[in-house]
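The values are calculated or read from the model by the stated rules, or taken from the named source; none is laboratory data. Remember, it's a predicted structure, so these values are computed and weren't measured experimentally. Quick reminder, even Gly has a Cβ in these numbers, built from the backbone with ideal geometry, and neighbours come from all protein chains shown. The accessibility values were calculated without ligands, DNA or RNA, using every heavy atom of the protein model including side chains. Shrake-Rupley method; radii C 1.70, N 1.55, O 1.52, S 1.80 Å.
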Amino acid sequence: MSHQAGSERTRPSGSSAIKLHDKLPSRSAATNMTNTPSTLAELNAAYTHGALNPVDLTNASLHRAEAENDQSRAFITIMRDSALESAEASARRYAAGTPLSVVDGVPIAVKDFFDTADTATTAGFRHFVQRVPKSDAAIVRRVKDIGATILGKSNMDAFGRGTTGLASDFGVVRNPRWPEHVPGGSSAGSAAAISAGLVFASIDTDAAGSARLPAACCGITGFKPTYGLLSGEGILADQPADETILTSAHVALQARSVADIAQLLSALTSQALSMRVTAMKVARVSTAHWHKSMQPAMDAAISQLELLAVCAGSVATPLELAVFDIANVTRHRDNSNELLFQDCDILALPTLAEPVPTVSDAESNKEMGVRAENVFFANYFGLPAVTIPVGFAADGLPVSLQLVGRAGQDMEVLALAAALELRLSGETRESCG
């Protein structure tokens, strides 16, 4: 579709006078969504059996996103017209019994790092407000191929240079569950949109925890697959990129749960999720950093993890090998099994090294951010890593556990995380396979 100047698809929202399109759905579409499914599996079943229509859900999601964005700043651009076009196509496919995938018609967000044809892509930078790519990034094309509905372009720390979600030129992103605390970054808007229930999942980048950190700060799930599993072609395609960043940057996913991440990744890659986890050897990383307030929740989660898989004790993982220098990265990746996994299959460690900073502390101290020392090594080595919420510290802030596996073992990492997720939610071990 050709670019139309001034349409909501090319007009980012933000701290300036630029406003979102004011077209709202009908009252019925905006109000009759009280029983919306909470998981991708439930949503797919509702669509398949005609209990819910993709257009109605998309309309309701757009209504909420538009109504809340002045406060939440979760989105830079809300793509009302194209989202409804996509939802209408999904509705026709479900009516004909020919959905493209299990995520056909699912509202998702795409980080504003990824080029979108005829829709502004700003990377959170005010001077890119009129930057309208002619073609989609590879992952955006893939998202469209499986029928997911892109609700909008999510907000981010400008150029991905931040871990707080406070450094966008289009407004500070608000943490929906802990509003006095930062949402994390740089994929802040996606985490906020998912945590607030505006979308089911998101497509993000993760170069130094950029998706896993905000997921942990907002109490949701974040996943960085093996390097190269999802194509990064088309991230600001016309702009120069630092080779070091390209080496560590991964296309990543955020969602409400591990189960949702697994379904989305399976749709994107055609890989199946195996739930056989009992033979996996899991080791706690003794060299990880964490605040003492996180200890009870971490200990409880790892105790449950050790009931699901084989306990391999503790290992002194050389996190210090991970540096922003590509001189040794190929050699280290080739030898990652010997360096990291001699005695185990999965590494377990906290995602966050410190409690989520408050907005006031982060704003008053520009050097304060969400620390990445527990997450960056997975970028450096190119390994699959998932973060899942496992409880709360005494101060009520979220605690998340990170599981990191061998290169190429994406579905194995997600299988164990999904089994733990079920166990933490009160399900039995037998239901995990």
Original post:
How many residues are under 20 Å from G408 (Cβ atoms) and open to solvent by less than 50 Å² (accessible area, probe 1.4 Å) when one looks only at the stretch 208-244?
Top reply: 9
Original post:
If A301 passes every condition in (1) loosely packed, with under 15 Cβ neighbours inside 10 Å; (2) at pLDDT 95 or above but one, which one does it miss?
Top reply: (1)
Original post:
Scanning for something touching a strand residue (DSSP E or B) at 6+ places or on another chain (Cβ under 7 Å) and among the small types (G, A, S), does the stretch 160-176 turn up at least one residue?
Top reply: yes
Original post:
Which number in (1) in a loop (DSSP other than H, G, I, E, B); (2) within 15 Å of the chain's Cα centre (by Cα); (3) of a type in the set (K, R) marks the one condition that K153 misses?
Top reply: (1)
Subject >> Those residues of the stretch 57-90 which are assigned to a strand (DSSP E or B) and more than 23 Å from W178 (Cβ to Cβ), in sequence order >> reply: T77, I78
**OP:** Please name all residue pairs, on different chains or six or more residues apart, with Cβ atoms under 7 Å, provided the first residue is in the stretch 248-276 and is acidic (D, E) and the second residue is open to solvent by 10 Å² or more (accessible area, probe 1.4 Å).
**Re:** D260/T39
Original post:
Counting residues that are over 18 Å from A385 (Cα atoms) and more than 19 Å from the chain's Cα centre (by Cα), which helices (runs of 4 or more DSSP H) fully inside the stretch 216-328 reach at least 1?
Top reply: 243-248, 295-308
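Which residue, of A393, A362, A348, A353, is small (G, A, S) and either open to solvent by 40 Å² or more (accessible area, probe 1.4 Å) or closer than 25 Å to L230 by Cβ (or both)? Spell out how you get there, then give the answer.
Details: A393 fails: either open to solvent by 40 Å² or more (accessible area, probe 1.4 Å) or closer than 25 Å to L230 by Cβ (or both); A362 fails: either open to solvent by 40 Å² or more (accessible area, probe 1.4 Å) or closer than 25 Å to L230 by Cβ (or both); A353 fails: either open to solvent by 40 Å² or more (accessible area, probe 1.4 Å) or closer than 25 Å to L230 by Cβ (or both).
Only one candidate qualifies: A348.
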Subject >> Pairs, first farther than 17 Å from F377 by Cβ in the stretch 347-365, second open to solvent by less than 10 Å² (accessible area, probe 1.4 Å), C-beta under 6 Å, six or more apart >> reply: V356/C217; P357/V182; V359/V182; A362/V182
Original post:
Are there any pairs with C-beta distances below 8 angstrom linking a residue in the stretch 135-147 that is on the phi < 0 side of the Ramachandran plot to a residue that is in a helix (DSSP H, G or I) and open to solvent by 10 Å² or more (accessible area, probe 1.4 Å), with the two at least 6 apart or on different chains, and if so which?
Top reply: D136/K144; I139/L268; R142/L268; V143/L268; K144/S86; I146/A267; I146/L268
Original post:
In the set A109, A167, which member is crowded, with 22+ Cβ neighbours inside 10 Å and not in a loop (DSSP other than H, G, I, E, B)?
Top reply: A109
**OP:** Name the single residue, out of those in the stretch 18-54 being of a type in the set (A, V, I, L, M, F, W, C) and within 22 Å of A255 (Cβ to Cβ), that is modelled with the lowest pLDDT.
**Re:** M33
**OP:** Report yes if S190 is among the polar types (S, T, N, Q), part of a helix (DSSP H, G or I), open to solvent by less than 20 Å² (accessible area, probe 1.4 Å) and modelled with pLDDT of 95 or more, otherwise no.
**Re:** yes
